[in-house]
Amino acid sequence: MAHDCYLFGQILGTHSFLLKDGFLKPDEYSEIKEHFFLPGGETGTAATVLDSLGVSVKMDGTHIGTEVAPMLRSFYENKNVDLSSMSFVSDDDGVMDYVVIAGLVRSPMGRFQTLFSTGKRWWSIPREEDIKSARVVAIDPFFGEETQKAAEICISAGIPYVTIDSKHDSFLHKNAAVNVVSKECTETYHGMSAYEIMKLMQSESKGLTIITQGGGDMLYARKGEEIHRMKPLDVEVKSTLGAGDTFKAGCVYALLHGMNDEETVRFASACSAVAISRFPLPLNPPKLSEVRELIKRG
C-alpha cells in the first residue's frame, strides 16, 4: 500500500511531567501539574503531527516492547499511521524516556547510552518496499548502517528525504533534500558561529540546510547561495517538547506539496510555533488550518 511518507527512526513511549511552579531545584519539592504517557521520539512525534496535517504515514525504527506497545497501538488505532512494519518484542518493557518540563525549560532522561553500549540492534532494518512506496521519506541519524541503508534506498529510487542534526561531512547530510540542524547539534562545533557552521554545511550539500536557534533567527541556504535569515513566529510557550520533531514534520509536508525554500522554512516554523503553544503535543498536534492562520497573522 502506498503512503505519502515513510519515517524511520526513534519511536518511544514518553513520560512527560509538566511542573506547576518552575523547574526543578536541588533539595526542593516540585508539584507535578500534569503527567502523560504518550508516543514520542523524533519519528513518533513527527508521525503524529503529519497525520494531523492530513498526511498518510508508514513508520518504522525502534523495537517496541511490552509496556509501550499497548499505548502505541491504541494511540494510532484511528489515525492514518501504519505500524505494520514495526517490530513488537516481548522480552522487555520497550524504549522509554522521561521528560520534566517547565515553560521554556525541559530536561529529558533515559537509558540511551546504556542501550547503545550493549552492541545489540534494538531497531528495525528498513524495508525497500516501504521506502519505494512513499513520495517523501524522513530519516533520523541514530541507527548506523540501517540509517545509511534507508538513505541509499532513497537515493537509488530518486525519493527525497528529510533528516535532522546530521553533521556537514556525513553521508546523510550530503544527500538530503532537507537537513534541519538544531542548537544542540551546532553546539558540537565548538567556537563556531551559526553563520560559520552554515557556510560549512552548504558547501557539502545541494539540499536545503536549515539551522534553528530556539527563539533566535533561523538560517537557511543551499550550496552556492547567500545565507537567508527568518525570525521564528511569536507565540506564548507552554512546552518546547517536540518542537524540533514538529519542524521536521513541517519540512516533510512542504516537500510533499512542492514549497520553495522560504515557504518551507516558514511553514515548518509555524508548525513548530503551534506545537509549543500547547501541552501535551500528541493530544493537541497542529492542524493545517491553525498553521495557515498563524502564517497569515505572522
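Summary table below
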read-out	value
Overall form of the range 36-122 per C-alpha gyration tensor (a/c, 1.5; a/b vs b/c)	oblate
Candidate lysines - alpha carbon under 18 Å from Lys296, same-chain residues fewer than 8 apart omitted	Lys231, Lys287
Shape call, the range 79-219: gyration tensor on alpha carbons, a/c limit 1.5	oblate
Per-peptide average of other Cβ atoms within 10 Å, ordering 171-181, 99-109, 250-260, 19-29 highest first	171-181, 250-260, 99-109, 19-29
Exposure proxy ranking, count of Cβ atoms within 10 Å, fewest first, for Ile197, Ile164	Ile197, Ile164
Pairs of lysine residues in the range 65-191 - Cα separation under 28 Å, sequence separation of 8 or more or cross-chain	14
Estimated 222 nm signal from helices in the chain, with DSSP H stretches of n ≥ 4 weighted -39500 (n - 2.57), rounded to 500	-10000 deg cm²/dmol
Spatially proximal lysines relative to Lys20 (Cα-Cα < 25 Å; intrachain offsets below 8 disregarded)	Lys33, Lys238
Listed residues Ser269, Val252, Pro286: farthest to the positive end of the dipole of the range 249-298 (Cβ charges)	Pro286
Selection of GluC sites (Glu not before Pro), the range 194-298, meeting DSSP coil and at most 14 other Cβ within 10 Å	Glu225, Glu226, Glu236
Shape call, the range 1-63: gyration tensor on alpha carbons, a/c limit 1.5	prolate
Within a Gaussian network of the chain (alpha carbon springs, distance under 10 Å), most fluctuating of Asp51, Asp261, Asp93	Asp93
Percentage relative contact order, the chain, counting C-alpha pairs under 8 Å, at least six apart	18
Per-residue Cβ neighbour rank within 10 angstrom, fewest leading, Cys185, Cys271	Cys185, Cys271
Relative contact order (percent, whole number), the range 39-138, Cα cutoff 8 Å, 6+ residue spacing	27
Options Val95, Val68, Val57, ranked by Cα towards positive dipole end of the range 52-108, top entry (Cβ charges)	Val57
Gyration tensor (Cα) of the chain, equivalent ellipsoid semi-axes in angstrom	26, 24, 20
At most 16 other Cβ within 10 Å, DSSP loop - trypsin sites (Lys or Arg not before Pro), the range 199-254	Lys206, Arg222, Lys223
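The numbers here are math on the coordinates, done by the rules we state, and not lab data. Treat the numbers as computed from the prediction; the structure is a model and nothing was measured. Cβ: placed from backbone, ideal geometry, glycine included. Neighbour counts: every protein chain shown.
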